[in-house]
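Everything below concerns the one structure shown next.
The values are calculated or read from the model by the stated rules, or taken from the named source; none is laboratory data. Just so you know, these numbers come straight off a predicted model, no measurement behind them. Methodologically, a virtual Cβ is constructed for each residue, glycine included, from the backbone with ideal geometry; neighbour enumeration extends over all protein chains shown.
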Amino acid sequence: MTTLVQLLVAAMLVIGGGFALVGAWALVRLPDAMTRLHGPTKAATLGVGAVLIASMLYFWGVRGVPSWHELLITLFLFVTAPVTGFFLAKANMHLSWTASEIPPPPGNGNDWATFGDEPGPGAGPLPARKPGGHGRP
């Protein structure tokens with residue numbers, strides 16, 4: 001039984017390392033900020049998930065003690081990683097794109113909430129946009 005569990009743990013560690021490697025490669029090689037954001041958030045999340053599953057299998061199969069900490073870490077990771085990616089993408093939209101560069105929302109006269117209103121009083125000046133800078137090649 002211990003050998004089978006050790007093989008499963010080793011397989012999950014290799015799978016997790018592969019996903020982390022793909023996420024790191026995507027961060028370095030993809031052309032712009034929005035695509036560089038996509039690779040690590042997906043691949044690295046799966047990689048960390050596989051490593052956490054390997055840890056759970058090890059403690060349950062080899063030590064005989066179930067470990068629930070990894071489930072809590074996985075839950076926290078799966079909740080926070082997409083939210084962080086969303087906020088980074090939204091910040092990139094505000095800094096790099098103008099409202100005319102994104103497709104119009106469905107319906108007549110609708111506007112995206114991201115570009116719909118000007119900042120309220122006391123919000124400070126808007127950052128200067130780069131001429132033609134939209135983050136795409």
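Quick one: would you say R63 is modelled with pLDDT of 80 or more, of a type in the set (D, E, K, R) and not in a helix (DSSP H, G or I)?
So R63 fits the description; yes.
Are there any pairs, at least 6 apart or on different chains, whose C-beta atoms fall under 7 Å, with the first in segment 58-71 and free of Cβ contacts under 8 Å to residues at least 12 places away in the same chain and surrounded by 13 or more Cβ atoms within 10 Å (Cβ to Cβ) and the second part of a helix (DSSP H, G or I) and of a type in the set (D, E, K, R), and if so, which?
Close Cβ pairs (under 7 Å, with a partner that is part of a helix (DSSP H, G or I) and of a type in the set (D, E, K, R)) do not exist here.
Taking L27 as meeting all but one of (1) in a helix (DSSP H, G or I); (2) farther than 30 Å from L95 by Cβ; (3) at pLDDT below 85; (4) not acidic (D, E), write down the number of the exception.
(2)
Taking segment 1-50 only, how many residues are polar (S, T, N, Q) and touching a residue at least 12 places away in the same chain (Cβ under 8 Å)?
First, pick out the residues of segment 1-50 that are polar (S, T, N, Q): 2-3, 6, 35, 41, 45.
Still in the list and also touching a residue at least 12 places away in the same chain (Cβ under 8 Å): 2, 6, 41, 45.
Final tally of qualifying residues: 4.
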